[in-house]
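Single-structure report; data block below.
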Amino acid sequence: MELSFNTYNKMYCYNSRQKNPSFGIKIPELESAIDAFAVKKNNTFGEEHNLIKKIKKFAKMIFQQESFIGSGSKNKVYDMGKYVFKIPKNVFISPKKATEEPLNLIGKIIKNENPLNIDSYCGESVLQIGNLKILRNIGEHIPCGVPYSKIDKMSKEDIENYYFENYFKRIIQVPQSSFDKFARDIKKIKYPATIDFHNPNNTAITKDNRIILIDDLLKYNKYCGENSTVKLLRIFMLDATLDVYTPVFDKHLNEVRSLFKKIILSGEKAGLLLSNGIEDKPLLNDALYKCRAKAKYEDFCQKIAEIRKSKDCENVKYKKIESYIDDIFKD
Ligand SMILES: Nc1ncnc2c1ncn2[C@@H]1O[C@H](COP(=O)(O)OP(=O)(O)O)[C@@H](O)[C@H]1O
Ligand SMILES: [Mg+2]
C-alpha cells in the first residue's frame, strides 16, 4: 500500500491522495450559531433546540473523511473551521454495524462555565451535546510522534520513517521560547489535574511553533503522578505513539541532545518539578540513554537540584545547567 503525505492536514495517508482536501472547512452559519450560544449566559430552550437543529443539518458535511483530522484511542476529531467536532470512535452518522452507534444530540447542552484559560491547553470542550464535544480548533498542526490512527497499518519501518521525516524534523526546529511557554503553562495545571502524557499525540505543534495540549486532563493517580519535566521528555522524545517507544536516535544524536537540553531548560525556567520519583525514574534514565549521556538518574537529579539551590541568579543557573548537560554529552 502506498504511503502518501497530505500537506493540508500534515498526516500520512494510505488511501490515494485526496483531490480536494478541505482542511479548514468553513460553515459560517454554524460557526456563528456556536459562538452566539457559547457567549450568552442563559440560553433558552428554543436557542438550544435551534443549535441542535443546525448541527444536524450540517452533520453529513462535518463528519466526512475530508474533514477528519485525527483520532486517539477513544475519539475521532473533525475539522469545522474555528471549532473541531469530537465524537467517540464507534459513533457514525448512519450506523451500519451492531457495534456502531448514532450521533446522539439528545439532552442538555453542557457549557464549559469555568475554562482554565491556559494558552497552551485546548482540550476543554466549549460545548458538549450528548456524545458530541465541540472544541476550539488549534488550526494546522502536527501531533507529536506518529498519529495513533495510522499505526495499525504501518510497519516498524514506516513508523520510524514517519517519526524522523515528519515529527522529529519539525520538533527540532521549535525554538526554546516555545518550550518555555509550554512548560510555564503546564506548571499552571495544578494537582490533582495532570496532563495526559501517555500518548504524545495529545500534544501538538502548530504552524506558528506553539506547543498545545489538546486532550482531556487526567486526575492524579498512582500511575501518572504529578506533572514534571520528565513527562515532557516522554512526550517529545521517548514515545513514538501510544504504547510504542521511539526508535534509537544514533543518526540524530546532536539533534536529540539539543532537544533534551531545551526541554530540561524549559522545565527549570518554569520551576516545574524535574522528576516525580518512581514512575519518572525509568523515563529519565531512558532519555539519558537515548542521548548517550554519561550520567544516570541519581547523578542528574542531584546535580540539577544543586544548581537550583545555589544562590546564583537565574541566568547563571541556566548557563550552569547547559554546561553540565554539555559535559555529560561529551564523547
Ligand atoms: N482542538 C483541536 N484542534 C485541532 N485538532 C485537534 C484538536 N483536538 C484533537 N485534534 C486532533 O485529533 C487527534 C486526536 O485527538 P485526541 O483528543 O487526542 O483523541 P482521543 O481522545 O481519542 O485521544 C489529535 O492528535 C489532533 O491531531
Ligand atoms: Mg488523545
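The values are calculated or read from the model by the stated rules, or taken from the named source; none is laboratory data. Since we're looking at a predicted model, the values are computed, not measured. Positions of Cβ are backbone-derived with ideal geometry, glycine not excepted, and every protein chain shown enters the neighbour counts.
Computed values, structure above
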{"read-out": "Qualifying residues in segment 80-90 (those that are part of a strand (DSSP E or B) and either assigned by TED's automatic domain parsing to the domain that holds ASP215 or within 16 Å of ligand 2 (Cβ to nearest atom) (or both)) - the one farthest from LEU30 (Cα to Cα)", "value": "PRO88"}
{"read-out": "Test for LYS231: is it under 16 Å from SER266 (Cβ atoms), in a helix (DSSP H, G or I), outside the structural domain of CYS122 (by TED's automatic domain parsing) and within 16 Å of ligand 2 (Cβ to nearest atom)", "value": "yes"}
{"read-out": "Which numbered condition ALA293 misses (of (1) surrounded by 18 or more Cβ atoms within 10 Å (Cβ to Cβ); (2) part of a loop (DSSP other than H, G, I, E, B); (3) within 22 Å of the chain's Cα centre (by Cα))", "value": "(3)"}
{"read-out": "Residues of segment 231-250 that turn out to be of a type outside the set (D, E, K, R) and closer than 18 Å to ARG292 by Cβ, as a count", "value": "9"}
{"read-out": "Given (1) assigned to a helix (DSSP H, G or I); (2) within 16 Å of ligand 2 (Cβ to nearest atom), index of the condition GLU47 fails", "value": "(2)"}
{"read-out": "Close pairs (7 angstrom Cβ cut-off, 6 or more residues apart or separate chains): without any contact (Cβ under 8 Å) to a residue 60 or more places away in the chain in segment 267-290, among the aromatic types (Phe, Trp, Tyr) and assigned to a helix (DSSP H, G or I) anywhere", "value": "GLU268/TYR318; LYS281/TYR297; LEU284/TYR297; LEU284/PHE300; ASN285/TYR297; ALA287/PHE260; LEU288/PHE300"}
{"read-out": "Flag for VAL248 being outside any strand (DSSP E or B), surrounded by fewer than 16 Cβ atoms within 10 Å (Cβ to Cβ) and in contact (Cβ under 8 Å) with a residue 40 or more places away in the chain", "value": "yes"}
{"read-out": "Test: PHE63 is more than 16 Å from ligand 2 (Cβ to nearest atom), free of Cβ contacts under 8 Å to residues at least 12 places away in the same chain and among the aromatic types (Phe, Trp, Tyr)", "value": "no"}
{"read-out": "Residues within segment 198-221 that are part of a loop (DSSP other than H, G, I, E, B), farther than 22 Å from VAL146 by Cβ and in contact (Cβ under 8 Å) with a residue 12 or more places away in the chain, tallied", "value": "2"}
{"read-out": "Selected residue [in contact (Cβ under 8 Å) with a residue 60 or more places away in the chain and within 16 Å of ligand 2 (Cβ to nearest atom)] from TYR162, TYR121", "value": "TYR121"}
